[in-house]
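Structure first, commentary second.
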Amino acid sequence: MHATVSSVKRSETVTVMDVEKLLAELKELEQEAAAAMKQSADSGELEEARVKYLGKKSRVSEIMTGLGALSKEDKPRIGQRGNEVKKAIEAAYEQRKGELDRAEIDARLQSERIDVTLPGKGVEIGHIHPLTQIMREICEVFSSLGYTIQDGPEVETEYYNFDALNTPSDHPARDEQDTFYTDAGPAILLRSQTSTAQIRVMEKSKPPLKIVSPGRVYRNEEVNARKYPIFHQVEGLLIDKNVTFGQLKGTLNEFIRLLFGKPLRTRFRPDFFPFTEPSAEADAECPFCSGTGCRTCGGKGWIELLGCGMVDPNVLRACNIDPEEWNGFAFGIGIDRLAMLKYDISDIRHFWTNDLRFLKQF
């Protein structure tokens, strides 16, 4: 049986034999604790051993608590030896804990091993959509010709989309079968042309003006290989004094040369647009067959590129510009169709399917 120091009354004297028994017991506890720590198979067993030999209810703690019952001569001996045993047990605990931690880390490294020599998961780098590419190319061409880029809202009013562009109230384009009207009101719609931005610029700025307005437009079109309800336009406007149709032809010829990288023959066919007079459709010699006829141009040798004409005086008056002093020309280019021609794309719907097999070609 262990000699219990704490059970001895302070008034009693602990014998020399009792002190020797305590010293022997401390030595035995030191050996037992070291062995228990070393034999712990995991952190759980190690914690149990720590509580048993170093906890508040451990035998070592009991001995150290009962030092007050010892004589002045024996108290330092037992106290010093008790602290030594306690430190030795703590050292054994820390040593075994370190061994178990390293073993756990090694086990995890083995079970969670990653072969760094295997190729990683590649992240594909995106690129600009073909419609955005050609829109930027067109804007760069006109910027080099001295035009500024102007943007406008896609949700417009009837005034800017039709009235200010000299489109009469009975024009078919104003019908709901051709134009997307919104729930915000009978006069609020999705713009069917980017010419609306030109009107806004003419209202706020005085001539001379030289602008192009790119953007997305909406028309209630039947979906097929050549038409889609959403498409893109770049519309240009030049207002100055004594502007001629010859200047319009020269501007468009230079634009075609810069865009396709070579001069192409052009022809202008009479047409009608409410906001220009006279008006024309501009065709260019097919760049793929040099006018001999191919699948892209339908065997005609010519490709319809854009509509154009001299700005109607009524449009200028609507923007408080005197048509007796100023005149100009305007043109509208369908970006989607131009992209189809330049990249030899047979179906306009490919632009909207998000098919990577298609998009990766550009």
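The values are calculated or read from the model by the stated rules, or taken from the named source; none is laboratory data. Quick caveat: nothing in here was measured; it's all calculated off a predicted structure. Because the Cβ atoms are built from the backbone with ideal geometry, glycine has one as well, and the counts that use them run over all protein chains shown. Accessible surface areas use protein heavy atoms only, side chains included; no ligands, DNA or RNA. Shrake-Rupley method; radii C 1.70, N 1.55, O 1.52, S 1.80 Å.
Being outside any strand (DSSP E or B) and open to solvent by less than 10 Å² (accessible area, probe 1.4 Å) is the filter here; which residues of the stretch 322-339 pass it? Break it down stepwise before answering.
In the first step, residues of the stretch 322-339 are kept if they are outside any strand (DSSP E or B); the result is 322-326, 335-339.
Within the stretch 322-339, Ile335, Asp336, Leu338, Ala339 qualify.
Confirm whether Arg317 is assigned to a helix (DSSP H, G or I), surrounded by fewer than 20 Cβ atoms within 10 Å (Cβ to Cβ) and in contact (Cβ under 8 Å) with a residue 24 or more places away in the chain.
Working: assigned to a helix (DSSP H, G or I): yes; surrounded by fewer than 20 Cβ atoms within 10 Å (Cβ to Cβ): yes; in contact (Cβ under 8 Å) with a residue 24 or more places away in the chain: no.
When the stated conditions are applied, Arg317 does not pass them.
Scan Pro270, Pro278, Pro263 and give me the residue that is exposed (fewer than 14 other Cβ atoms within 10 Å of the Cβ) and either outside any loop (DSSP other than H, G, I, E, B) or acidic (Asp, Glu) (or both).
On the way: Pro278 fails: exposed (fewer than 14 other Cβ atoms within 10 Å of the Cβ); Pro263 fails: either outside any loop (DSSP other than H, G, I, E, B) or acidic (Asp, Glu) (or both).
Only one candidate qualifies: Pro270.
Any residue that is open to solvent by 20 Å² or more (accessible area, probe 1.4 Å), in contact with a helix residue (DSSP H, G or I) (Cβ under 7 Å, 6 or more places away or on another chain) and under 30 Å from Glu104 (Cβ atoms) - is there at least one of those in the stretch 68-87?
Yes - at least one qualifying residue is present in the stretch 68-87.
Please give the number of the condition Lys300 fails out of (1) at pLDDT below 90; (2) open to solvent by less than 30 Å² (accessible area, probe 1.4 Å).
So the condition that Lys300 fails would be (2).
Hey, could you check the stretch 39-51 for residues that are open to solvent by 20 Å² or more (accessible area, probe 1.4 Å) and touching an Asp or Glu at 6+ places or on another chain (Cβ under 9 Å) and say which is nearest to Ile89 (Cα to Cα)? Working first, answer last.
Taking the stretch 39-51 and keeping what is open to solvent by 20 Å² or more (accessible area, probe 1.4 Å), we get 39, 41-45, 47-48, 50-51.
In the following step, the residues that additionally are touching an Asp or Glu at 6+ places or on another chain (Cβ under 9 Å) were identified as 39, 42-43, 50.
Details: Gln39: 13, Asp42: 17, Ser43: 16, Arg50: 8 Å.
The qualifying residue nearest to Ile89 (Cα to Cα) is Arg50.
With the requirement that a residue be farther than 20 Å from Phe275 by Cα, under 32 Å from the mean Cα position of the chain (by Cα) and not hydrophobic (A, V, I, L, M, F, W, C), what does the stretch 140-162 give you?
Those that are farther than 20 Å from Phe275 by Cα, under 32 Å from the mean Cα position of the chain (by Cα) and not hydrophobic (A, V, I, L, M, F, W, C): Glu140, Ser143, Ser144, Tyr147, Thr148.
Cβ-Cβ distance below 9 Å, separation of 6 or more or different chains: which pairs start in the stretch 149-163 with a residue that is more than 21 Å from Leu238 (Cα to Cα) and end on one that is of a type in the set (D, E, K, R)?
Glu154/Arg191; Glu154/Arg216; Val155/Arg191; Glu156/Arg191; Thr157/Asp163; Glu158/Arg174
Please tell me if Arg113 is at negative phi, out of contact with any strand residue (DSSP E or B) (no Cβ under 9 Å at 6 or more places or on another chain), among the basic types (Lys, Arg) and surrounded by 14 or more Cβ atoms within 10 Å (Cβ to Cβ). Explain how you work it out, then say what you get.
On the way: at negative phi: yes; out of contact with any strand residue (DSSP E or B) (no Cβ under 9 Å at 6 or more places or on another chain): yes; among the basic types (Lys, Arg): yes; surrounded by 14 or more Cβ atoms within 10 Å (Cβ to Cβ): no.
When the stated conditions are applied, Arg113 does not pass them.
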